[in-house]
Structure formats: structure tokens, C-alpha cells
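To start, the structure under review is shown below, and the notes come after it.
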Amino acid sequence: MAGGIPRHVGIIMDGNGRWAKQRGMIRTQGHLEGLKAAKRIVKAASDMGIQYLTLYAFSTENWKRAAGEVGFIMGLVKQYLRNEIAFYRENRIRIRHAGDAAGLPADIAEELASAAHDTGGFNGMQVILAINYGGRDEIVRALRRFAARQFASGQDAAALTENDIAAGLDNPDVPDPDLIIRSAGEYRMSNFLLWEGAYAEFYVSAKLWPDWTVDDLAKAVDEYRNRDRRFGGITANGE
């Protein structure tokens, strides 16, 4: 049965470096163009009526990259948060963060917290920026939160349930993603929303992220709407 617009879309924004290399540019230029693509897609997703959009901006593994590239990306994050705040206010879009804020440079963590606070009351689309984010790390942190609660209350940690883990995730009130998109033709999760994406539909595009347009998002959503989501069950006709 065809579905409607996905409520929550996650995007692995891949291909910035390859985009720059193909054009004889330095990798940082690819990240700059990737930021422009992110702006286009946020506006398009809001216009489509998508309620939650998670953008995988910087993983826990990305710290292994050259210090200059990491610094440039962090600078882009700060620039994005400052320069786009008027757009978020105009469209009543709420900014949130997924990831370990404690592992971020202090100025970036403060910028994220400020943007989240300033837009916290908005009732439009919610944009979750996954920065210093890793799916495994998020699950570990959720388990630590559970253990701390159990210890504080004197209860047995062996009582752990799926709901307990879900309650300890970075944004427990955000619904699981319906659709996860990956650009640049790669077929892997890359440690993105491992718990939340258990039953997400996947869409892989060969296009490098900086080349993404409104039409590419529309194509991904259209394909999603033709998927038959069964969540481990069967359809009415027994398939």
C-alpha cells in the first residue's frame, strides 16, 4: 500500500570530498558546497510538510580526518547556525542536536545550545543536526543514563527494556525515521541512527551531496510513498 509523506527523514550527506576532487578543488570547497545543498534541502523538506529532518553533519569517526579539515567543518557549523537563524525563525523551524555535546569544541557546543534554545518554542519542522554523532555511541550513552537512574533509585539494572534504551536516546520524543537517504551511491549505514532506523526505508542516490536539489528530495519521497512498509509483518493479501 502506498504511503504518504514521511514524517521523519534522515540524510547521510555524503560525497563532498569527491565532489571537490572531481573538480580539482580542495576538500573544504566541497564541504562549503555541501552546506549550500543542506540549506536547499531544509527549505524543500519544510515546504513538503516533513516534520523531522535529521542531517548527519559530523560523525564520531570524522575526528580522524586532518585537523585542518575538521576545523573547517566546525567553522561551517558555526557559520550555518549564525547565518541561518533568521530563516529558521521566519519558518518557525526548531533546531535540535543529536550527538555527544561534551566532545565538541566549547564554542560549537554553545552555538548549538543557543540555537536550540532560541528556536525551542517553534512549531514548524524540527531539524536535528547530528554532530559528533555515532549510533553506537548514542546507545552506550543511553545505557549509561539508564544505569545511573537505576543506581540512584536502588533498582536492579537487569530490568532493562527496549523502552528504557529508547528513553535514554538523545531525542527520545522524536519518532523513528521513516526514510533514510544516502547520497554518493554508498550502501552502508555509517553508524547513523542505528537504534532508531531499525525499520526505516532506505533510498540511495548516486548523486554527490553538493549536487542535490529540491527535485532529488522529491524523487526520494516519491519512491518512499510507493514502498510497502510491513515492519516484520505481512500485508492484507498475505505477502
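Does any residue of the range 157-166 turn out to be under 21 Å from the mean Cα position of the chain (by Cα), surrounded by fewer than 17 Cβ atoms within 10 Å (Cβ to Cβ) and either small (G, A, S) or within 30 Å of G17 (Cβ to Cβ) (or both)?
yes
Would you mind finding the one in Y133, Y224 that is touching a His at 6+ places or on another chain (Cβ under 9 Å), among the hydroxyl-bearing types (S, T, Y) and at negative phi?
Y133
Does L55 count as within 22 Å of D118 (Cα to Cα), in contact with a Leu (Cβ under 9 Å, 6 or more places away or on another chain) and modelled with pLDDT of 95 or more?
yes
Only one residue in K78, K64, K21, K39 is touching a residue at least 40 places away in the same chain (Cβ under 8 Å) and of a type in the set (D, E, K, R), so which one is that? Before you say what the answer is, go through the steps one by one.
Working: K78 fails: touching a residue at least 40 places away in the same chain (Cβ under 8 Å); K64 fails: touching a residue at least 40 places away in the same chain (Cβ under 8 Å); K21 fails: touching a residue at least 40 places away in the same chain (Cβ under 8 Å).
Answer to the check: K39.
Among the numbered criteria (1) assigned to a loop (DSSP other than H, G, I, E, B); (2) without any contact (Cβ under 8 Å) to a residue 12 or more places away in the chain; (3) over 18 Å from Y56 (Cβ atoms), which single criterion is violated by D228?
The one condition D228 does not meet is (2).
Just checking, does the range 150-158 include any residue being more than 19 Å from L55 (Cβ to Cβ), in contact with a helix residue (DSSP H, G or I) (Cβ under 6 Å, 6 or more places away or on another chain) and not basic (K, R)?
Initially, the range 150-158 is screened for residues more than 19 Å from L55 (Cβ to Cβ), giving 150-158.
Right, trim to in contact with a helix residue (DSSP H, G or I) (Cβ under 6 Å, 6 or more places away or on another chain) and you get 150, 157.
Of the ones still in play, those that are also not basic (K, R) are 150, 157.
Yes, some residue in the range 150-158 is more than 19 Å from L55 (Cβ to Cβ), in contact with a helix residue (DSSP H, G or I) (Cβ under 6 Å, 6 or more places away or on another chain) and not basic (K, R).
Which residue, of R141, R188, R149, is of a type in the set (K, R), modelled with pLDDT of 95 or more, more than 13 Å from the chain's Cα centre (by Cα) and not in a loop (DSSP other than H, G, I, E, B)?
Unique residue meeting the criteria: R141.
Could you count how many residues in the range 191-216 are crowded, with 17+ Cβ neighbours inside 10 Å, among the aromatic types (F, W, Y) and more than 15 Å from the chain's Cα centre (by Cα)?
Residues in the range 191-216 being crowded, with 17+ Cβ neighbours inside 10 Å, among the aromatic types (F, W, Y) and more than 15 Å from the chain's Cα centre (by Cα): 1 in total.
Here's a check for you: in the range 1-44, which residue that is in a strand (DSSP E or B) and among the hydrophobic types (A, V, I, L, M, F, W, C) is surrounded by the fewest Cβ atoms within 10 Å (Cβ to Cβ)?
I12
Is at least one residue of the range 53-69 closer than 15 Å to L217 by Cα, among the hydrophobic types (A, V, I, L, M, F, W, C) and part of a helix (DSSP H, G or I)?
Within the range 53-69 (the criterion being closer than 15 Å to L217 by Cα, among the hydrophobic types (A, V, I, L, M, F, W, C) and part of a helix (DSSP H, G or I)), the answer is no, since none of the residues qualifies.
Tell me, which residue of the range 87-107 that is surrounded by fewer than 19 Cβ atoms within 10 Å (Cβ to Cβ) and closer than 22 Å to M74 by Cβ is modelled with the lowest pLDDT?
Step one: filter the range 87-107 for residues surrounded by fewer than 19 Cβ atoms within 10 Å (Cβ to Cβ), giving 87, 89-92, 100-103, 105-107.
Adding the requirement that they be closer than 22 Å to M74 by Cβ leaves 87, 100-103, 105-107.
On the way: F87: 91, D100: 98, A101: 97, A102: 96, G103: 97, P105: 96, A106: 96, D107: 96.
If we take residues in the range 87-107 being surrounded by fewer than 19 Cβ atoms within 10 Å (Cβ to Cβ) and closer than 22 Å to M74 by Cβ, then F87 is modelled with the lowest pLDDT.
The values are calculated or read from the model by the stated rules, or taken from the named source; none is laboratory data. This is a predicted model, so every value here is computed, not measured. Every residue, glycine among them, receives a Cβ derived from its backbone with ideal geometry; neighbour counts consider all protein chains shown.
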